[in-house]
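Below is one structure, written out as structure tokens, with a few remarks after it.
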Amino acid sequence: MGFLSFGSKSGKVKKMLEGNQFQLVVEEALKDKKTRNALFELLDDVNPGVVGDALLAITTILDTKKDVLKNHLKEEEFKRLIKLIESSNPYVRENAMILAYSIVRHYPSFVSRYRKMIQEEIRKLLAEGDKNQKGFVLVIIGELGLKELEPDVKSLVGVEDKVILPFEGKKWVKLGDIASETLEKLSGV
């Protein structure tokens, strides 16, 4: 082992992702905290392919063994994830949406701890985001039961713009239809 073996593994993990060793990265990350840390570090990489792959790897880890990531999720990471949802690169944006949705589903304690921050970020995306980002946060609003945002949701009910979200049944759907679904969920809360 070299004298730098105690440091970050982001260079090694990046090379593995670029070398199409995705499954190996996931397997290593399931066992090794430094590999998981490296994946989170790679969310700031300049190469959108690496960022998208890191997001996908984190999601795969979360869906495989959710407890492993519990200590990696902090307010800063979630804010960084929201920024990635705003990416112009579709691979990054879609994988960020999928990861954010998985976090919301798998970590209710995280969501309740940071509810106010999450609500603020969602409100900002509803105001400033493009139609796909708005569609995504509508899904999250329904999932979280954020009744506080009901007026914002109602304002989108008649919107005819079609959105593409990385979820089954959410491709080429009218933004207004997603808003209506969200309102139905909120009425049941």
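The values are calculated or read from the model by the stated rules, or taken from the named source; none is laboratory data. No experiment lies behind these values; they were computed from the predicted model shown. Positions of Cβ are backbone-derived with ideal geometry, glycine not excepted, and every protein chain shown enters the neighbour counts. Surface areas here come from the heavy atoms of the whole protein model, side chains and all, with no ligands, DNA or RNA. Shrake-Rupley method; radii C 1.70, N 1.55, O 1.52, S 1.80 Å.
Is it fair to say Glu181 is free of Cβ contacts under 8 Å to residues at least 12 places away in the same chain and either part of a helix (DSSP H, G or I) or β-branched (Val, Ile, Thr) (or both)? Against the criterion (free of Cβ contacts under 8 Å to residues at least 12 places away in the same chain and either part of a helix (DSSP H, G or I) or β-branched (Val, Ile, Thr) (or both)), Glu181 does not qualify. Just one residue in the set Asp130, Asp45 is surrounded by fewer than 19 Cβ atoms within 10 Å (Cβ to Cβ), closer than 22 Å to Gln23 by Cβ and more than 15 Å from the chain's Cα centre (by Cα); that residue is Asp45.
Among the residues of segment 179-189, those identified as open to solvent by less than 40 Å² (accessible area, probe 1.4 Å) and out of contact with any Asp or Glu (no Cβ under 6 Å at 6 or more places or on another chain) are Ala179, Thr182, Leu183. Which members of segment 153-178 meet the condition of being open to solvent by 50 Å² or more (accessible area, probe 1.4 Å) and part of a helix (DSSP H, G or I)? Result: Lys154, Asp177. The sole residue among Leu30, Leu69, Leu55, Leu62 that is more than 23 Å from Glu168 (Cα to Cα), in a helix (DSSP H, G or I) and open to solvent by less than 10 Å² (accessible area, probe 1.4 Å) is Leu69. Looking across Lys124, Lys131, Lys116, one residue alone is of a type outside the set (Phe, Trp, Tyr) and more than 20 Å from Glu75 (Cβ to Cβ). It is Lys131. For segment 156-169, a residue qualifies if it is closer than 15 Å to Gly142 by Cα and without any contact (Cβ under 8 Å) to a residue 40 or more places away in the chain, and the qualifying residues are Leu156, Val157.
Per the listing Arg105, Arg93, Arg80, the residue uniquely touching a residue at least 12 places away in the same chain (Cβ under 8 Å), surrounded by 21 or more Cβ atoms within 10 Å (Cβ to Cβ) and assigned to a helix (DSSP H, G or I) is Arg93.
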